[in-house]
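K.L.:
Can you keep this structure in mind? I'll have questions shortly.
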Amino acid sequence: MMVTMKVVGLGIVALTVSLELFGWFLSRLRSRRTLNEVLFFPSKVACVEHTFTPNSHHSCCCSLPHSVETSLSHLLRRILSASTSLDVCLFSFSNMDLSRAVLLLHSKGVSIRVISDKDYSAITGSQIGILRKAGISVRCDGSSVHMHHKFAVVDSRLLITGSLNWTLTAVQNNKENVLITEEPDLVKPFIQEFQRIWLLNDPAQNYQNIKLISTVQEA
Ligand SMILES: [Zn+2]
């Protein structure tokens, strides 16, 4: 009886240990697969041509330093990793390098949606008009408060968020932070928030509302 209990006890201990080991192993495997990255700005000023055309850093002859990885080159690489979709939700978007990345993805057939703040999309240097002219779906948030988000979702998988507006000043001068993560618990709410604001600013919907209001007024 005593021996049997000891054997059962040992069995339970062994099972607990192996389950814990298995859990540890799983979490190791998961953390290795989940991308998490933090970038700080201002970014060092360096040529980013190689992020657009790999193997070109030997041939680029601009005056900026070459073969230097910077916060901006890391950010560009993450954005350019999009293969199916890119959703961008930005208060202010005037940075030419980041705009070039979005236009390049668009030319490759990546489905792109951009939400921006109504007031800031019209300021000098804003890339919003250029993106729209290129055929990219753009919606400007027209609510009375600022659409102050600064995030992007790549392939519904990768979240890029933080304090950084996609402007030259923010990239080169300001102290800013950007968090890049594939953590599904963090990515999912941002996908939902994007969808919410996107639908909220649906021009067809607004047109319906305007029609509805004028019909009511006429009646
Ligand atoms: Zn260069």
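K.L.:
Would a scan of region 77-85 turn up a residue that is touching a residue at least 24 places away in the same chain (Cβ under 8 Å) and part of a strand (DSSP E or B)? Spell out the reasoning first.
P.N.:
To start, the set of residues in region 77-85 that are touching a residue at least 24 places away in the same chain (Cβ under 8 Å) comprises 77-85.
Still in the running and part of a strand (DSSP E or B): 85.
Yes, region 77-85 has at least one match.
K.L.:
In this structure, does L72 turn out to be in a helix (DSSP H, G or I), at pLDDT 95 or above and within 16 Å of the ligand (Cβ to nearest atom)?
P.N.:
So L72 passes the test.
K.L.:
Please go through region 134-162 and pick out each residue that is in a loop (DSSP other than H, G, I, E, B) and within 12 Å of the chain's Cα centre (by Cα).
P.N.:
So in region 134-162, the residues in a loop (DSSP other than H, G, I, E, B) come out as 134-136, 142-149, 155-157.
Hits for region 134-162 are H149, D155, S156, R157.
K.L.:
Ok, one more. Does S67 satisfy the condition of being surrounded by fewer than 19 Cβ atoms within 10 Å (Cβ to Cβ), more than 16 Å from the ligand (Cβ to nearest atom) and either in contact (Cβ under 8 Å) with a residue 12 or more places away in the chain or outside any helix (DSSP H, G or I) (or both)? Write out each step before concluding.
P.N.:
Details: surrounded by fewer than 19 Cβ atoms within 10 Å (Cβ to Cβ): yes; more than 16 Å from the ligand (Cβ to nearest atom): no; either in contact (Cβ under 8 Å) with a residue 12 or more places away in the chain or outside any helix (DSSP H, G or I) (or both): yes.
For S67, the condition - surrounded by fewer than 19 Cβ atoms within 10 Å (Cβ to Cβ), more than 16 Å from the ligand (Cβ to nearest atom) and either in contact (Cβ under 8 Å) with a residue 12 or more places away in the chain or outside any helix (DSSP H, G or I) (or both) - is not met.
K.L.:
Right, D155: within 23 Å of F194 (Cα to Cα) and free of Cβ contacts under 8 Å to residues at least 40 places away in the same chain or not?
P.N.:
Values: within 23 Å of F194 (Cα to Cα): yes; free of Cβ contacts under 8 Å to residues at least 40 places away in the same chain: no.
No; evaluated as a whole, the condition is false for this residue.
K.L.:
Out of everything in region 94-133 that is assigned to a helix (DSSP H, G or I) and touching a residue at least 40 places away in the same chain (Cβ under 8 Å), what residue ends up being surrounded by the most Cβ atoms within 10 Å (Cβ to Cβ)?
P.N.:
Here the residue is L98.
The values are calculated or read from the model by the stated rules, or taken from the named source; none is laboratory data. Just so you know, these numbers come straight off a predicted model, no measurement behind them. Here Cβ is always computed from backbone atoms with ideal geometry, including for glycine, and neighbour counts include all displayed protein chains.
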